[in-house]
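First comes the structure, then the notes that go with it.
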Amino acid sequence: MVLVVGLLTDATGGIATAAPARVPREAATLSDPTAGHPYRHGAIPLRSSPVAPGTTNRPQQPINTTGRAAEGSLLRDPVSFGGGSVVTGSPKVYLVFWGSQWGIQSRGTGGYDVYSGDRDGFAPNLQAFFDGLGTNNESWSAILTQYCQGVPVGTKICPLSASTIHVAYPSTTVLGGVWEDTSTSFTAATGEQIAQEGANAARHFSDPPGAEYVIVSPTGTDPDQWLSPRNGYCAYHDNTGDFLGGGSVPNVPYTNLPYVPDVGTECSSFSHPGALDGADETISHEYAEVLTDPFPSSGWTDRHGSEIADKCENLIGGQPGGSTYVSLATGTFAVQGIWANDLGKRGGCENAHSPILTVNPGKQKGVDGTPLSLQISASDVRGRTLTYTAAGLPAGLAINDASGIISGTPVERGRSATTVAVSDGSATATVDFTWMVKR
């Protein structure tokens, strides 16, 4: 997968003088911009909104305290497959910094591009985040690997089979490239102009397979009314075909990423966030959703249209299922909790997942004196060799530690509570089920 970040232009195609660096804001309840919106998929509502002169301030929008609690209906429903595609292969993200306000480019710490107009270090932080995903055995990326394509519409749990292609864990750097597009300037931009820059980015990078493009705007700009008093947002994603379909224009997934530091803490779920935590939480949200629903809404959504990060965006940072910090080889970053269908019986929000995917075989039955065999399905998303052990098997059965096949002839009747442990040497996943042996 490829992600490209870029800047936006005004209706005339020129970049105007930048607005004030920071935008004063006040607390206000706001509805989710995705509600009934034709293209702002996976939009993250600002926690508060600018209040117009003469209006009354309203309380800050509420957030949940646990990944198990329900926020409306979002945390009661699993997501299911819509029949389209996910991004397969090792993910790749291309960042495009769009507009002349980014200023003079130079090479900074870690070899990342820095810009004289980027007072908060937003650009190198984005590069370091994508460069580091998949390093230090981080387990946040593993949440996404349970989702797949090539299964029937309505599927909720993906099988582990050769014919089913899952979202991949990063096997190389996710950062595919950086482009500073200084060909235009703006103080505001429309959704169509942002989509056009996504198409421009695809052409610039020769549209590699599975590419995702993120369009990043410079400080002081207002891409697609992200600072709206009623429908302000932190970011959203879409595909260019919603605006530019047909002909020679590439239909590619892209993310509209405003200069999030301009709104301070309002895109973060932490009580006391760091300066770039909201930006990190925002881009991790959109990255996860593009991987699992690149052409909305044909990938993984719930029955209300919410994607896997939408369902967890209103959880308090540091609480179960909420945002957390991950330590990568390139630094420490805040990431949002993500919905996992395979968490417990109903699914839920989590911020880490075992790199070993398993499928629970469910309740098993056997007949005393009759041979049987059961394959435990498991896969290591990092490609490591697995070993299997089992406890609580009915008498007469054993597990092959290399293949995960349980076989033998039961010799005693009764109910057994069985636990199979699957290990790759550094991580372990368990599968619990019951076995009833009858005469």
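Out of curiosity, is P355 surrounded by 16 or more Cβ atoms within 10 Å (Cβ to Cβ) and touching a residue at least 24 places away in the same chain (Cβ under 8 Å)?
Considered against the rule, which asks whether it is surrounded by 16 or more Cβ atoms within 10 Å (Cβ to Cβ) and touching a residue at least 24 places away in the same chain (Cβ under 8 Å), P355 comes out as yes.
The conditions are (1) of a type in the set (A, V, I, L, M, F, W, C); (2) over 22 Å from N239 (Cβ atoms); (3) more than 19 Å from the chain's Cα centre (by Cα), and C158 fails exactly one of them. Which is it?
(3)
Considering the range 232-265 alone, what residues qualify as being part of a loop (DSSP other than H, G, I, E, B) and either under 17 Å from the mean Cα position of the chain (by Cα) or crowded, with 21+ Cβ neighbours inside 10 Å (or both)?
Result: G232, C234, A235, T240, V252, P258, Y259.
If I filter the range 203-231 down to residues being out of contact with any helix residue (DSSP H, G or I) (no Cβ under 8 Å at 6 or more places or on another chain) and either crowded, with 24+ Cβ neighbours inside 10 Å or of a type in the set (K, R) (or both), which single residue comes out as nearest to A279 (Cα to Cα)?
The residue in question is S217.
Report whether or not S284 is of a type in the set (S, T, N, Q) and either at pLDDT 95 or above or assigned to a helix (DSSP H, G or I) (or both).
So S284 fits the description; yes.
Being of a type in the set (D, E) and touching a Lys or Arg at 6+ places or on another chain (Cβ under 7 Å) is the filter; apply it to the range 74-122 and report the residue that is nearest to S297 (Cα to Cα).
Checked the range 74-122; the qualifying residue nearest to S297 (Cα to Cα) is D77.
Within the range 294-344, which residues are of a type in the set (S, T, N, Q) and within 17 Å of V86 (Cα to Cα)?
Within the range 294-344, S297, S298, T301, S306, N341 meet the criteria.
Among the residues of the range 202-226, count how many are out of contact with any strand residue (DSSP E or B) (no Cβ under 9 Å at 6 or more places or on another chain) and in contact (Cβ under 8 Å) with a residue 40 or more places away in the chain.
Looking only at that region, the number is 3.
Which residue, of T434, T418, T409, is within 29 Å of G347 (Cα to Cα), among the hydroxyl-bearing types (S, T, Y) and surrounded by 14 or more Cβ atoms within 10 Å (Cβ to Cβ)?
Answer to the selection: T418.
Looking at L175, is it over 24 Å from D118 (Cα atoms), buried (at least 22 other Cβ atoms within 10 Å of the Cβ), assigned by TED's automatic domain parsing to the domain that holds W102 and under 20 Å from the mean Cα position of the chain (by Cα)?
no
I'd like the residue in the range 141-189 that is out of contact with any His (no Cβ under 8 Å at 6 or more places or on another chain) and among the charged types (D, E, K, R) and, out of all such residues, is farthest from R382 (Cα to Cα).
E180
Considering V153, V114, which residue is in the same structural domain as G246 (by TED's automatic domain parsing), β-branched (V, I, T) and part of a strand (DSSP E or B)?
It is V114.
Farther than 14 Å from W339 by Cβ, outside any helix (DSSP H, G or I) and either modelled with pLDDT under 95 or touching a helix residue (DSSP H, G or I) at 6+ places or on another chain (Cβ under 9 Å) (or both), is that true of S297?
yes
The values are calculated or read from the model by the stated rules, or taken from the named source; none is laboratory data. Bear in mind the structure is a predicted one, so any value in this text is a computation, not a measurement. Note that each Cβ is placed from the backbone with ideal geometry, even for glycine, and that neighbours are counted across all protein chains shown.
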